[in-house]
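Notes to accompany the following structure.
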């Protein structure tokens, strides 16, 4: 395992730092998230060594988790979906003059949980990859089906919308020349579409442009912002004592939720917050500045980030929007994440994983003393910031193929992303489906070819059956869970 | 709820269009038994199911969940529409006029609208960003950006 040899190379140290630095800024900035950030950066990295590029992008991914909490605490505006929970008590802590403590606990909690998460990733990776090698096309198809089902049902309130989003992504993936038959599909006579719809075009459109449009609307509506300068950046002994267990719990919840496909970080933070509140002796104080409500979710979202790297690296299955973009980056460099990667390019995989240890340390340093620096970014007027992001999006998309058709397509997806946000259709399933669509169809057809068009091949092996059952569970979950909750809360109400 | 029904309708329409386009794909019987149409047909069916599921969800929604959002001000939609049109214009002339000119004009107007009144900051940002990004991306990173009407 010579991953550290790779990770400690000066050039990779530089890229780790760059990634973490940019990630923090992206996390702090409203209007752009890690998915968009990675997407915009991919074309710039085309000339680079793939390992270095991936190290940088991973840095952006987990770095953004650190940055997002800063805005949650200081101005009650989460930079990321996964920082929403942090704002609940974090902002209150800031109002009580304990902003420094909130920032500190979120940075330290993230560091501890993140480091433990990476250790867990290291430990789990090899055995999981070994299992994955036994997967044939039928098993892979079932696995991808399960991943898509999980993401559809766990993001947002409506599984129907999740399914629609997923299927739309799969449909977009079918545009282009079908590899197995040479037949063009849905290209409508447009030659540029023969290679399909560019992945980056969709990502930049949905996540960067779409997000900017939504934020422009919010900006015009007049979001008032109160920026509070932080107090001393340290925790009292008592705050430490109260935070340790939430960090541990949050880390565990986060990691396991991250490994499971489906909006890992966001739901992990919600779970952590709920758990802390339930366990607490003073649940009614949650929402007024309880440090447990910051420590837990922050640990959870960082652990979830590490957790979501597990299926990406070992199985080649991304579990969230951002990991889907990361996977897209892998594919663009001609690298297929999955069990074979461990055999063919262990230096890349372990270099990447080990760079995460280093990155976590860098982020701790960046986020404690240097936090004031990042907060200054927020002073840039929103109107200017959002406009600049649009210009950067244009550069990013144009730099791929130099054709303006893709610019217009990106804009189209931007409008789509804006509309989806307004009507609560989740975006992550669509991006995931887009990334997996081609492979999914190939697996499906390969499996059917091997079995001679016999659909029973999908229920042939134990693995496929298990995955299919889990898929059904995922789909039924949103229907069953509310019933369970009602049934559970029944007896509680009669107590009061 | 009304929007959800519109979504269902549009989705069904899309599914119909997709399935129709799928039926137009010529089928060759060589090699894999399924051909290029099989997977898309499954997708079309899945989309229809999704739309139906959405309708079921709207019908089953508890009254407490609904609470129709107050009618969003149409003014904001006009604004986003305007931004979209302005961006379409920007993208259309991007190649012909070149990065430097098109981007500076684009940013000048955008910042003028969204950062009203701060002329100096807006003009400075628009020009400096455009030049700075051009230098960074073209000269340092080797990205190709259109020159357009300028000679350098």
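The numbers here are math on the coordinates, done by the rules we state, and not lab data. Please read these numbers as outputs of a predicted model, since none were measured by experiment. As a convention, Cβ positions derive from the backbone with ideal geometry for all residues, glycine included, and neighbour counts pool all protein chains shown.
Within 10 Å of each Cβ in peptide A:436-449, how many partner chain Cβ atoms are there on average? Round it to a whole number, please. Intermediate results must be reported in sequence, preceding the final value.
Values: counts 0, 2, 0, 0, 1, 7, 1, 0, 4, 8, 1, 0, 5, 4.
Taking all residues of A:436-449 together, the mean is 2.
Hey, quick one: spin label on residue B:77, modelled 7 Å out along Cα-Cβ, who in the range A:413-430 has an amide N within reach, i.e. under 20 Å?
What the label zone holds, given the 20 Å backbone N cut-off, is A:413-426.
Calculated FRET efficiency, residue A:9 and residue A:480, Cβ-Cβ r, R0 51 Å, to nearest 0.05?
Approximately 0.50, to the nearest 0.05.
Would you mind checking the tilt of helix A:292-315 against the longest principal axis of the Cα atoms of chain A, expressed as 0 to 90 degrees and rounded to 10?
For A:292-315 against chain A, the angle is about 20 degrees.
Hey, what angle do you get for helix A:382-401 against the long axis of chain A, alpha-carbon based, 0 to 90 degrees rounded to 10?
20 degrees
What spacing in nm lies between the two simple spin-label points modelled at residue B:52 and residue B:86, each 7 Å away from Cα in the Cβ direction?
4.6 nm
I need the fraction of alpha carbon pairs in the range A:387-482 separated by more than 15 Å, rounded to a whole percent.
Working: 3533 of 4560 pairs.
Cα-Cα pairs of the range A:387-482 separated by over 15 Å account for 77 percent.
Mind pulling the angle between the C-alpha long axis of helix A:404-422 and the longest principal axis of chain A? Nearest 10 degrees, somewhere in 0 to 90.
50 degrees
Please compute the Kirkwood hydrodynamic radius over the range A:311-413, one decimal place, Å, based on all pairs of different Cα atoms.
On the way: mean 1/r = 0.0586 Å⁻¹.
Answer for the range A:311-413: a Kirkwood hydrodynamic radius of 17.1 Å.
Between residue A:183 and residue A:465, what is the label-point separation in nm under the 7 Å Cα-to-beta-carbon projection?
Spacing of the two 7 Å Cα→Cβ label points: 3.4 nm.
Grab the alpha carbons of the range A:20-119, take their convex hull, and tell me the volume per residue in Å³.
Taking only Cα atoms, the range A:20-119 has a hull volume of 83 Å³ per residue.
Please work out the Cα convex hull volume for the range A:51-208 and give it in Å³ per residue. All intermediate terms of the calculation are to be shown ahead of the outcome.
Numbers: hull volume 27.5 nm³, N = 158.
Per-residue hull volume (Cα only) is 174 Å³.
Among A:345, A:376, what is the fewest-to-most ranking by other Cβ atoms within 10 Å?
Values: A:345 16, A:376 10.
Ranked by crowding around the Cβ, least crowded first: A:376, A:345.
Using only DSSP helix segments of four residues or longer, with each worth -39500 (n - 2.57), what per-residue ellipticity at 222 nm results for chain A after dividing by its residue count and rounding to 500?
Mean residue ellipticity at 222 nm (helix-derived): -24500 deg cm²/dmol.
Give me the mean projected area, in nm² to one decimal, of the convex hull enclosing the Cα positions of the range B:2-60.
4.1 nm²
Order these peptides, A:447-457, A:300-310, by their mean beta-carbon neighbour count within 10 angstrom, highest first.
By packing density, highest mean first, the sequence is A:300-310, A:447-457.
Beyond 18 Å, what percent of the Cα pairs of the range A:246-343 remain?
Of the Cα pairs, 49 percent sit more than 18 Å apart.
Which whole-number percent is the relative contact order of the range B:74-140 (Cα, under 8 Å, 6+ apart)?
The normalised contact order for the range B:74-140 reaches 27 percent.
Which of B:2, B:147 has the fewest other C-beta atoms within 10 Å, and how do the rest follow up to the most?
In increasing order of surrounding Cβ atoms, one gets B:2, B:147.
With 28 Å as the cut-off, how large is the P(r) tail for chain B, expressed as percent of Cα-Cα pairs?
57 percent
What relative contact order, as a whole-number percentage, does chain A give when Cα pairs under 8 Å and 6 or more residues apart are counted? Each step should come with its number before you reach the end.
On the way: 945 pairs, mean separation 141.7, N = 496.
With pairs under 8 Å counted, the relative contact order is 29 percent.
So what is the diffusion coefficient of the range B:74-140 in µm² per second by Stokes-Einstein at 20 °C and 1.002 mPa s, using a Kirkwood Rh over Cα pairs?
Working: Rh = 12.8 Å.
Rounded to a whole number, D works out at 168 µm²/s.
Enter the mean number of other protein chain beta carbons within 10 Å of the beta carbon of each residue in B:117-128, as an integer.
On the way: counts 0, 3, 0, 0, 4, 4, 0, 1, 7, 4, 0, 0.
That works out to 2 on average.
Please tell me the relative contact order of the range B:2-60 in percent, rounded to the nearest whole number, where contacts are Cα pairs under 8 Å and at least six residues apart. Walk me through the intermediate numbers first.
Values: 38 pairs, mean separation 30.8, N = 59.
About 52 percent, as a whole number.
Using only Cα atoms, what Kirkwood radius does the range A:366-422 have, in angstroms?
Details: mean 1/r = 0.0731 Å⁻¹.
13.7 Å is the Kirkwood radius here.
Could you work out how far apart the two model spin labels at residue A:96 and residue A:365 are, taking each label as a point 7 Å from the Cα in the direction of the beta carbon, and quote it in nm?
Distance between label points: 3.3 nm.
Ranking B:86, A:350 by Cβ neighbours within 10 Å, fewest first, what do you get?
Result, fewest neighbours first: B:86, A:350.
To two decimal places, what compactness ratio does the protein assembly as shown give when its Cα radius of gyration is scaled by 2.2 N^0.38 Å?
Against the empirical 2.2 N^0.38 Å value, I get 0.95 for the protein assembly as shown.
Counting partner chain Cβ atoms within 10 Å of every residue's Cβ in A:167-174, what's the average?
Per-residue shielding by partner chains comes out at 6.
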